[in-house]
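Input: a single structure, listed below in structure tokens.
Just so it is clear, none of the values below were taken in a lab; they were calculated from the coordinates. What you see is a predicted model, and the numbers here were worked out from it, not measured in a lab.
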Amino acid sequence: MDKKVLCVYGSSDIVSLQKEYDLKKTYLVFLEDDQQEYEANKSLADQDSIYIYFIDSIVRLEPILKEIAWKFLFLEIKLQVSSSNKETKRKEFEEIQKAFDLIVDGVFLSASDYSDFGLTTIFNIYRNLFQVSSFHTLKGISQKFLQKPAIICGAGPSLNEAIPFLKKLDNQALIFAGGAALEVLKKENITPHITACLDKYAENIETFKNVPTFFSWKIPPKNLSYPSSLKVLCSTNSSYLFDKWIEEKLGLSFDTIDMGWTVTTFMTSLALYLGCGPIIFVGCDLCFNDKKMYADHVKKEHFNKKLEKDHITCLNKNKETVRTQKDWLMASFWFQNTVKKHKSTQFFNTSRNGLSLGERVQDFSLEHLLDGPSFDFKKEINSLFLDLPLHEPNVEQMYHYIYDEISNELEFINKRLETMQSMFDKQEYRFSENWRQSWSYQYILFPLWEMMKYLYIRNIKQDNLFSFTLELYKTLYFKDVLEKHKKLVEKFNARTEISNTK
């Protein structure tokens, strides 16, 4: 059974908590900002079940919390304040709690995408490369809709109130929609000017095939399965490097954008990149109550089927208690930070009961746009894309290159395992951790290991065999990853060869 993690602000209770908790079932982690207390208690930390960190400044807090979040990835983590700090440092604890929740949720969501050795992500990239015969990129479209109003459509309940206005605003604002919001717009016969895809299948996106669709290689392939020449590749600021290598291999060079956590954060980044302003959020509630999570017309399978315990209770912008989920909460923080960064852009929100999107985001009614200036957005978009280069990648050589690189790396790993077995038999436990900087290591193995290594580290006994054991686990993990990836590439190589014989 997985251990739980108790994180405590202040180390004055370290002795009593050692006695209270079974250290075989619980990790104790202490955050101490008092130098004297830290020096008095640091010897009690065994770096196995008890950890203590000194927070000498607010600057040090974020990297420490990130280290804790990664070290105890996928474990249940609880944060509390020590008895000595409960009354005297309540405000400091509230700030730490806010940062702690944000970082832990962010790390969990980031790592969850790669918990299957990155196979789903890599499959999506391979499949999309295979099926997208042509596409544009962001190159050449920056600031092309300077100071033009943009409406970002989410699928929250407040989208219902906006529908009558959206039907009349085709020429007053550039309308962005993605995900479940497309179902609502289809039912209401509203065509957005721009669609976008991120982490889920947008069921009705093919309905809008004559509308530009912005995407990244990692999205579910079904989103791109329909024929259209209006697909626009976006490069992300992801820490995973494989898709970056794909773009380099295809000879592509263009700006990256911060896609954030949801399709609405992605579309907001696009609107800012295009120079839009003001930006108006519609249906971006990011929370729910009375079990109504989405606007009308959204199919039931979009509803969160998790147990109630997996939802998060929080306060909306009116300080009312509502429920949300991790990616929506992260999106709320993303919006708040983005609004702060873009001080010259006005932001408005039509949701009266949603989460806060930022202090500068003002309440708004779409009615105010009806008498605004008129633009022929469809004509502007068509004209823009006529002038943009259309890329038609040849991916056959890329698949063969990847297959050969993975095969060579597996051969290297098998020899490495033979050497380690020989050393183990001789009880020689010194082994170099240096890995050759191969393609497989740089673009697949190392990024995955940096995210997942703590799952192994925390289960290895801290003794003289620790380094050797960790290196063995790492090597076996790499072998498992590459064998699965090799099978995946074999499938796509076969598909490529079949298509070339037709």
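For the pair region 18-35 / region 111-164, the C-alpha centres are spaced 43 Å from each other.
May I ask for the percentage of alpha-carbon pairs in region 434-475 that lie more than 14 Å from each other? Please list the in-between numbers first.
Details: 442 of 861 pairs.
Looking at region 434-475, the distances longer than 14 Å represent 51 percent of pairs.
Summarising the strand pairing of region 119-386, around 20 percent of its internal DSSP beta bridges are antiparallel. Annotation: amide H of I312 within the under-5 Å range of T324, Q325, sequence separation 5 or more or interchain, hydrogens built in the peptide plane. Pairs from the table (K71/K415; K78/K319; K91/K340; K187/K231) lying more than 27 angstrom apart at Cα are K71/K415. Dividing the Cα radius of gyration of region 4-112 by 2.2 N^0.38 Å, with N the residue count, gives 1.00. Take every Cα-Cα pair in the chain and report what % of them are more than 32 Å apart. Summing the P(r) tail past 32 Å for the chain gives 51 percent. Reported to the nearest whole Å, the Cα centre-to-centre distance from region 357-381 to region 387-453 is 50. Would you mind calculating the relative contact order of the chain from Cα pairs under 8 angstrom and at least 6 residues apart, reporting the percent as a whole number? Relative contact order, the chain: 16 percent.
Direction-averaged shadow area of the convex hull around the Cα atoms of region 119-386, nm²?
13.7
Please grab the % of Cα pairs in region 396-501 that end up more than 19 Å from each other. Result for the distance tail: 51 percent.
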